[in-house]
Each structure stands twice: as C-alpha cells, then as structure tokens.
Amino acid sequence: MSVLRLVDLTKKFGGLTAVGNVDFSVEKGSITGLIGPNGAGKTTIFNLITGVYKVTNGEILFEDEEITNKQPYMVAEKGITRTFQNIRLFKKLSVYDNVLTACHENADYNLLESLIRTPKCRNQEKLLKEKAENLLDIMGLLDRKKIIANNLPYGLQRRLEIARALALNPKLLLLDEPAAGMNPDEEVQLMHLIAEIRDKFDLTVFIIDHHMDLIMGVCERMMVLNFGCKLAEGTPQEVQGNPKVVEAYLGVEA
Ligand SMILES: Nc1ncnc2c1ncn2[C@@H]1O[C@H](COP(=O)(O)OP(=O)(O)OP(=O)(O)O)[C@@H](O)[C@H]1O
Ligand SMILES: [Mg+2]
C-alpha cells in the first residue's frame, strides 16, 4: 500500500525544469531512498511535497488524499514532517528546549489554560517534557540536553533536527541528506538509527542522500533522479545494476 504518490509531478523555475513528469510511490512503512547527482531536483521534490513550492503540474497524494499545494503547516498537520539540507534549529536554545518547543506544537491546551496553569495544562506539560526526554534519549542526545544547539558538533545537530521532526508525530518523515557533514562512522550509526526509528514509531521514511552505498544499505526501494527526471526505480540491487544510473553517477557509458 502506498502512503505517498507523486503523479506527473513537474516544477519549473522559469525555463529550468527542476522536476519533470515524475511518477513515484512510497510504500507505507518502507524506508525509501531518493538519490541523484547535484541539482537533480531531489530537494525540490521535498519542497513540493511539503508545500514550500507550488507545483507547476501534477499531483501529490498522501494516504489517498490530494495534498498538492497545501500550506506547509497543513501538510505537517496531516503527518508529514521533514529535516532540511541546511540544518534549521533554534541555534541559541538548548538541545532540550529545541525538542520541547517542537513537542509543544501539538499541545492540546490554549493560552488561557496555560496562563492560569489548569491541571489539564500541568498534566500535558509533564507529558510533553517526558516526550522530549524520550526523543533525546532515542537520538543519543540526552546527556547533552543542556548544551546550546549551536555548540553541538555538526553530526549531533543533524540528530537534533530529526528529534524535532519526530516530536511532531509524523507518519511520513522526509530526511534531506541527514548524513551530510558526518564522518563515515557517524553515517553508518545514523543509518542504523533511522531503521530503528522507523520500527519504533511505525513510520515511513523518505530519505535523500548523495552516497549511494550508504543509502543502499538502509533502503528497501529507491528512485534515482537526473536532471529532474526519474532515471530508475526499484530495489537497491536493481538500481545499482542499471546502466543509466551508472552513467549518471560516473559520467561514463556503462
Ligand atoms: N527557488 C529556486 N529558484 C530557481 N531555481 C531553483 C530553486 N530551487 C532549486 N532550483 C534549481 O532547481 C534544480 C534542482 O535543485 P535541487 O535543489 O532540487 O537539487 P538537489 O538534487 O537537491 O541537489 P543537491 O544534491 O545539490 O542538494 C537546480 O538546478 C537548482 O538550481
Ligand atoms: Mg538538495
């Protein structure tokens, strides 16, 4: 069963076709990869799904409901959250507060209740704090919760961004190059963690990465983009053996 469907998806920036006539489905519960050379249109696809860009043509369906051109906050409410290629955190807040503020996005009390601190509000606050601690624990950040986000090593900032995305209770998590800037050990650990998160939270993960070998180890299916067009899709083994993919990556005829 597919959770996300891209139908004839197209995005043009002036004369440039960043994404052209892409058809693709992401299976529910899968870890699905999106790979392709620089400028292939990978991030643009995430920006179209999350409503950051308006589509030029085509449709996006999430759980069989059309979400094409919905506002980003509406897409998040439906259950799609993401991380960014350029990390976005509250750099001057602590690691803990970064996650707690994200947990508050789904809080079920209003301003008045929070001002007079009703029992319902106090109870919710407690649950949100527990949730934040739990997410930090899962992401291996609990012992650094008091550190200012900006002072975290780069690889841990990326983990923190994932913790923030998880705080919004996604059904579909979009990760844009989550391993960028990490050393090879950190990269491998992160891929294990992504598989763990998928199981623990019963998620679907759609993940962009540059490193074919890295992403191949964790994905069940993948799509390869080149110059905005779908070049190939299938299991990692199918994609790896595809001569068009070899050519796009190595720039030589296979
Ligand atoms: N807002 C924009 N305005 C104009 N052109 C854009 C815009 N966003 C992306 N593009 C262009 O669309 C194409 C695809 O860009 P995109 O960022 O989606 O590629 P990518 O596959 O994510 O690349 P990378 O691996 O470098 O992150 C590029 O040519 C880029 O310059
Ligand atoms: Mg990109």
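Each row is one residue, and each column tells you yes or no for (1) away from ligand 2 (no atom under 16 Å from the Cβ); (2) among the polar types (S, T, N, Q); (3) under 17 Å from the mean Cα position of the chain (by Cα).
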{"residue": "152", "(1), (2), (3)": "yes, no, no"}
{"residue": "157", "(1), (2), (3)": "yes, yes, yes"}
{"residue": "170", "(1), (2), (3)": "yes, no, yes"}
{"residue": "180", "(1), (2), (3)": "no, no, yes"}
{"residue": "187", "(1), (2), (3)": "yes, no, yes"}
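A residue that is outside the structural domain of residue 204 (by TED's automatic domain parsing), hydroxyl-bearing (Ser, Thr, Tyr) and under 23 Å from residue 208 (Cα atoms) occurs somewhere in the range 152-167.
When the range 158-174 is filtered for residues that are crowded, with 20+ Cβ neighbours inside 10 Å and either in a helix (DSSP H, G or I) or out of contact with any helix residue (DSSP H, G or I) (no Cβ under 7 Å at 6 or more places or on another chain) (or both), the ones remaining, listed by number, are 158, 159, 160, 161, 162, 163, 164, 165, 166, 167, 172.
Among the conditions (1) closer than 18 Å to residue 165 by Cβ; (2) touching a residue at least 24 places away in the same chain (Cβ under 8 Å), the only one that residue 199 does not satisfy is (2). So for the range 78-96 (the condition being surrounded by fewer than 20 Cβ atoms within 10 Å (Cβ to Cβ), of a type in the set (Gly, Ala, Ser) and in contact with a Pro (Cβ under 6 Å, 6 or more places away or on another chain)), does at least one residue qualify? Scanning the range 78-96 turns up at least one residue that is surrounded by fewer than 20 Cβ atoms within 10 Å (Cβ to Cβ), of a type in the set (Gly, Ala, Ser) and in contact with a Pro (Cβ under 6 Å, 6 or more places away or on another chain). Residues in the range 65-92 that are farther than 26 Å from residue 234 by Cα, part of a loop (DSSP other than H, G, I, E, B) and away from ligand 2 (no atom under 12 Å from the Cβ): 69, 70, 71, 87, 88, 89, 90, 91, 92. Of all residues in the range 43-59, exactly one satisfies the criterion of being at positive phi and either touching a Pro at 6+ places or on another chain (Cβ under 6 Å) or near ligand 2 (Cβ under 9 Å from one of its atoms) (or both), namely 51.
Taking into account only those residues within the range 114-146 that are among the hydrophobic types (A, V, I, L, M, F, W, C), more than 20 Å from the chain's Cα centre (by Cα) and surrounded by 14 or more Cβ atoms within 10 Å (Cβ to Cβ), which is modelled with the highest pLDDT? For the range 114-146, the residue satisfying everything is 142. Within the range 42-64, the set of residues being assigned to a loop (DSSP other than H, G, I, E, B) and either touching a residue at least 60 places away in the same chain (Cβ under 8 Å) or more than 12 Å from residue 22 (Cβ to Cβ) (or both) comprises 50, 51, 52, 53, 54, 63, 64. Among (1) within 16 Å of ligand 2 (Cβ to nearest atom); (2) closer than 26 Å to residue 198 by Cα; (3) more than 18 Å from the chain's Cα centre (by Cα), there is one condition residue 13 misses while meeting the rest; what is its number? Checking residue 13 against (1) within 16 Å of ligand 2 (Cβ to nearest atom); (2) closer than 26 Å to residue 198 by Cα; (3) more than 18 Å from the chain's Cα centre (by Cα), the one that fails is (2). Each residue in the range 23-42 was checked for being within 16 Å of ligand 2 (Cβ to nearest atom) and either surrounded by fewer than 22 Cβ atoms within 10 Å (Cβ to Cβ) or among the acidic types (Asp, Glu) (or both), and 3 of them qualify.
For residue 149, the criteria (1) surrounded by fewer than 19 Cβ atoms within 10 Å (Cβ to Cβ); (2) closer than 23 Å to residue 133 by Cα hold in every case but one, which is (1). Among the residues making up the range 198-215, a single one is in contact with a helix residue (DSSP H, G or I) (Cβ under 9 Å, 6 or more places away or on another chain), under 17 Å from residue 26 (Cβ atoms) and either surrounded by fewer than 20 Cβ atoms within 10 Å (Cβ to Cβ) or of a type in the set (Gly, Ala, Ser) (or both): 201. Can you tell me how many residues in the range 10-38 are in contact (Cβ under 8 Å) with a residue 24 or more places away in the chain and at positive phi? Total satisfying the criteria: 3.
The values are calculated or read from the model by the stated rules, or taken from the named source; none is laboratory data. Just so we're clear, the structure is a prediction, and the values are computed from it rather than from any experiment. Because the Cβ atoms are built from the backbone with ideal geometry, glycine has one as well, and the counts that use them run over all protein chains shown.
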